[in-house]
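Working notes, beginning with the structure itself.
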Amino acid sequence: MTQASPDVAAPGEPTALPWRTVARVVFPENDIEALPLYLDTTPDLEAAAAIGRVEEARWTRGVPMPGTAVTNSFGTSHYDYVTDRRRVELPAGVRVSFATIFNAFPAAYWRRWSDARMVRLDVEVRGHGTVLVYKSNARGIRHMVEMHDLEPGGAQHLSVDLSLSPFGDGGWYWFDLAASGHEGIELVEASWSVQVPQAHAGQEPGTVSLGITTMNRETFCVGTLRTLADADDLRALVDTVYVIDQGGDTLRHTPGYAEAAADLGPQHKLVVQDNLGGSGGFSRSMIETLSAGRSRYLLILDDDVNVETEGILRSLAFADLARRPLLVGGHMFNMYDRPTMHAYAEAVRPDFTWGPIDRHAPINFALSNLRARPELHRRWDANYNGWWMCLIPTQVIREIGLAIPAFLKWDDAEFCLRAGEAGYPTVTLPGVGVWHVPWTDKDDSIDWQAYLHQHNRLVTALLHGPREKAPRVLLDSAWIDLRHASAMQYYATTLRLQALEDILDGPEHLHARLRSVIPYTRGLKDQFDDARTSADPEAFPQPTGVGRTPLPLRGKRPSNTAMLPWLLTVAVKQVLAPAKAAQTTAPQVYLPKMDANWWRLAMLDSAVVSNADGSGASFYKRDRATWRALMGRSARLHRRLAREWPTLAAQYRAALPEFTSPQTWEATIHGTADSR
């Protein structure tokens, strides 16, 4: 029996245009924890009920309706169903869904960014069961499109042509596979293809070079090279894998490198250069790719990732068939919690902060998958993608230049903003991604990278923010200085203020700072107690207690209404009250990093604070004179920056083509540029 909906192409519709496979249904062969990203074994009605709960709240304004019950038991992964990279085998009576981030078809993205109007699902199965094809809308409500009962027997092929018309705001296609009650069923293979638009008919698939920048991440990097060497289907479209080693030529001596490099053969080139940060390494891979003149695309990859090679093929197909040249970004998943996605789509906001568009926490697909998450069914349009994985047309690089000389931080966001202003959007494409070492165990806003956070955020604002008057990012910047200084984080505050000094010097300092930024920032650490760490738990005196300090060691951040009185209290303490000598000799408290919020630290005279990864701790000590000096300097620099903002914005924008040019970058890479 077959049931069909109007989304299925009618017999006799034009089919003269060719079809191109743009996504194959795949599975992880040796990664049981990642399986929820590929296969959903959740009971079907349970997933539907989760969506129903959200819809119900929409209509009842959040008031639960009597009698509604939704279970949170989401089944097991059933890794035993997977038999190889393309196959799953289901016992009798079992039903699974391919409504997953890696195997559903992101119809809304193809509808928005390509001229394709039809997608074809091809499924080959062996055994007795049912194939059910579904679609969803932007609110996550599903509709069954077609159902096919398969008779017992040998291999059977099912092909369904589906319209992309109704996906203007969001929605996916996917299919479920159900074994009969008496016999199992095997998925031999499945894939999604789109009908090639007329504008792309006859176009050969674009080839890609890969740019990987590494710095003391040799084992991760060798693993990525091994994965690429083993991906024969991908290698047919790869020109060169450039690895830019900035760690002192250590990669070539790492176990496994020689074998992976030999297997890649002429498709691999190792480049050794000084440490110029991520922006220097990725700019070198851009130069190498442009000089070779063969690739339509450059794929930027971080060194500490595991890559899903099928995602690279999908990004190439998407870029090839897009309406216009665009950047295709991949999602970042947590390498140590593999079903967890860092963010679905990210954006630089008007205040020049960055992060998830929806500001949601990381998404764990092992807890609930795509069918149970309505927020993932709308299309989210990013304006940048992190350079853990980003496909860039070489045409775009030729037109807008290389990365800004940022060392680390904001080079990816700024490049995507610059590309967008030139007419080349960034799309974070579902089904494309890498597993990356997470940021949960570090806080680089208070280490030497505090300089880069401040400096590169404001440089990006000068290049892409308001021209004629200072934006509100300066108020936020001054507020962050106040928070750090009041929390006894004098090292981070000092670095942030030096960043302002450098920005006021004009764009000439950008390339000059690349080689000196690490020696300078790390060289200051010994001057600050809060920057010196010890791994020995007995290195610090025993705490004296908080005494009369009006501070709960656990509690909430001051509310917006209470913030002004609270700030006045802090200001009086910081300006007028000297720290007690006994409390700077021995800490008042020991605080774990998770409790060391700025509003707690601001009410203390001293504390021993553990670092983010738990490997050591620092002794924070309040110093009234240091606080006054830093806050006075911050006020002066922010006033000057606000006053000179129009002039500086004009200078940085005028100099942008020069400091992002291949010629300027080559001079810096080869050490012929001035340094300071």
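The values are calculated or read from the model by the stated rules, or taken from the named source; none is laboratory data. This is a predicted model, so every value here is computed, not measured. Here the Cβ is made from the backbone with ideal geometry for all residues, glycine too, and neighbour counts use every protein chain on show. Accessible surface areas use protein heavy atoms only, side chains included; no ligands, DNA or RNA. Shrake-Rupley method; radii C 1.70, N 1.55, O 1.52, S 1.80 Å.
Quick look at the numbers
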quantity: Criterion violated by Arg349 - all others in (1) under 21 Å from Trp174 (Cβ atoms); (2) loosely packed, with under 15 Cβ neighbours inside 10 Å satisfied; calculated: (1)
quantity: Pick from the range 555-581, criterion within 36 Å of the chain's Cα centre (by Cα) and among the small types (Gly, Ala, Ser), ranking: modelled with the lowest pLDDT; calculated: Gly555
quantity: Test: residue in the range 480-496 that is without any contact (Cβ under 8 Å) to a residue 40 or more places away in the chain, out of contact with any Leu (no Cβ under 8 Å at 6 or more places or on another chain) and under 30 Å from Ile363 (Cα atoms); calculated: yes
quantity: Residue count, the range 447-466 (criterion: open to solvent by less than 10 Å² (accessible area, probe 1.4 Å) and among the aromatic types (Phe, Trp, Tyr)); calculated: 1
quantity: Candidate set from the range 191-204 (those that are touching a Leu at 6+ places or on another chain (Cβ under 7 Å) and assigned to a strand (DSSP E or B)); member that is surrounded by the fewest Cβ atoms within 10 Å (Cβ to Cβ); calculated: Gln195
quantity: Residues satisfying the stated conditions in the range 274-289, i.e. open to solvent by 10 Å² or more (accessible area, probe 1.4 Å) and closer than 11 Å to Val517 by Cβ; calculated: Asn275
quantity: Residue in the range 582-597 that is among the small types (Gly, Ala, Ser), assigned by the TED database to the domain that holds Ser634 and at pLDDT below 75 present; calculated: yes
quantity: Residue count for the range 101-118, restricted to those that are over 19 Å from Arg324 (Cβ atoms) and surrounded by 24 or more Cβ atoms within 10 Å (Cβ to Cβ); calculated: 6
quantity: Number of the exception - Ala343 against (1) of a type in the set (Gly, Ala, Ser); (2) modelled with pLDDT of 95 or more; (3) in contact with a His (Cβ under 8 Å, 6 or more places away or on another chain); calculated: (2)
quantity: Where a residue in the range 134-150 is on the phi > 0 side of the Ramachandran plot and its partner, wherever it lies, is buried (at least 19 other Cβ atoms within 10 Å of the Cβ) and among the β-branched types (Val, Ile, Thr), with Cβ under 6 Å and at least six apart; calculated: Gly140/Ile51
quantity: Hits in the range 380-434 (condition: surrounded by 24 or more Cβ atoms within 10 Å (Cβ to Cβ) and among the aromatic types (Phe, Trp, Tyr)); calculated: Tyr384, Trp388, Phe407, Trp410, Phe415
quantity: Check on Ala403, of a type outside the set (Phe, Trp, Tyr) and either in contact with a strand residue (DSSP E or B) (Cβ under 7 Å, 6 or more places away or on another chain) or farther than 28 Å from Leu474 by Cβ (or both); calculated: no
quantity: Qualifying residues in the range 655-666 (those that are over 12 Å from Glu508 (Cβ atoms) and over 28 Å from the mean Cα position of the chain (by Cα)) - the one least open to solvent (accessible area, probe 1.4 Å); calculated: Glu666
quantity: Meets criteria (modelled with pLDDT of 95 or more and in a loop (DSSP other than H, G, I, E, B)) for Ala406; calculated: yes
quantity: One residue from Thr585, Thr647 being surrounded by fewer than 17 Cβ atoms within 10 Å (Cβ to Cβ) and over 30 Å from His509 (Cβ atoms); calculated: Thr585
quantity: Close pairs (9 angstrom Cβ cut-off, 6 or more residues apart or separate chains): assigned by the TED database to the domain that holds Asp412 and of a type in the set (A, V, I, L, M, F, W, C) in the range 273-284, part of a helix (DSSP H, G or I) and open to solvent by 10 Å² or more (accessible area, probe 1.4 Å) anywhere; calculated: Leu276/Arg284; Leu276/Ile669; Phe282/Asp411; Phe282/Asp412
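Quick grid of which residues meet (1) over 27 Å from the mean Cα position of the chain (by Cα); (2) of a type outside the set (D, E, K, R); (3) open to solvent by 10 Å² or more (accessible area, probe 1.4 Å); (4) under 24 Å from Asp443 (Cβ atoms):
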site	(1), (2), (3), (4)
Glu468	yes, no, yes, no
Ala492	no, yes, no, yes
Leu497	yes, yes, no, yes
Arg513	no, no, yes, yes
Gly523	yes, yes, yes, yes
Phe528	yes, yes, yes, yes
